[in-house]
Amino acid sequence: MDAKGRLAYTHNGARFMVTKPIDGKPAACANGGTIGFTMSDAKQADAWHAAGVANGGTSIEDPPGVRQGAAGQVYLAYLRDPDGNK
């Protein structure tokens, strides 16, 4: 567990993480859970994000882009699906 209370497990390029919701609200509808997909590049991630929004998803947190993570810079794009899952 890191200093921010996040638990991360990495194996063969995949990562499973458990965290408290960053917005301070109770965990619900995947608030505090994220399902992630590895993309080949930022263009593919942007296309995934755009397709999600076009099909009823809601863009959340920061717009798609580079973030500083524990392992260096990563490109992230977040959505909530029409049921509210992240």
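The values are calculated or read from the model by the stated rules, or taken from the named source; none is laboratory data. Worth saying up front: this structure is predicted, and the values here are computed from it rather than measured. Here the Cβ positions follow ideal geometry from the backbone for every residue, glycine too, while neighbour counts run over all protein chains shown. Note: accessible area is taken over every heavy atom of the protein model, side chains too, but ligands, DNA and RNA are not part of it. Shrake-Rupley method; radii C 1.70, N 1.55, O 1.52, S 1.80 Å.
Quick one: how many residues across segment 42-58 are open to solvent by 80 Å² or more (accessible area, probe 1.4 Å) and assigned to a loop (DSSP other than H, G, I, E, B)?
Final tally of qualifying residues: 1.
Looking only at segment 59-73, filter to residues that are outside any strand (DSSP E or B) and among the hydrophobic types (A, V, I, L, M, F, W, C); which one of those is nearest to D41 (Cα to Cα)? Lay out the reasoning, then the answer.
Within segment 59-73, the first condition is being outside any strand (DSSP E or B), and the residues that meet it are 60-64, 70-71.
So of that shortlist, the ones also among the hydrophobic types (A, V, I, L, M, F, W, C) come out as 60, 70-71.
Working: I60: 20, A70: 19, A71: 17 Å.
Across segment 59-73, the extreme among qualifying residues is A71.
Which of (1) open to solvent by less than 80 Å² (accessible area, probe 1.4 Å); (2) in contact with a strand residue (DSSP E or B) (Cβ under 8 Å, 6 or more places away or on another chain); (3) of a type outside the set (D, E) is the odd one out, the single condition L7 does not satisfy?
(1)
Starting from residues that are open to solvent by 80 Å² or more (accessible area, probe 1.4 Å) and of a type in the set (D, E, K, R), keep the ones in segment 59-86 and report whichever is modelled with the highest pLDDT.
Checking each candidate, the answer is D62.
So which of D83, D62, D23 is touching a Cys at 6+ places or on another chain (Cβ under 9 Å) and charged (D, E, K, R)?
D83
I'd like to verify a number: residues in segment 22-41 that are surrounded by 15 or more Cβ atoms within 10 Å (Cβ to Cβ) and without any contact (Cβ under 8 Å) to a residue 40 or more places away in the chain, how many? Break it down into steps so the answer makes sense when it comes.
Restricting attention to segment 22-41, the residues satisfying the condition of being surrounded by 15 or more Cβ atoms within 10 Å (Cβ to Cβ) are 30-32, 39.
When the remaining residues are screened for being without any contact (Cβ under 8 Å) to a residue 40 or more places away in the chain, the result is 32, 39.
Of the residues in segment 22-41, 2 are surrounded by 15 or more Cβ atoms within 10 Å (Cβ to Cβ) and without any contact (Cβ under 8 Å) to a residue 40 or more places away in the chain.
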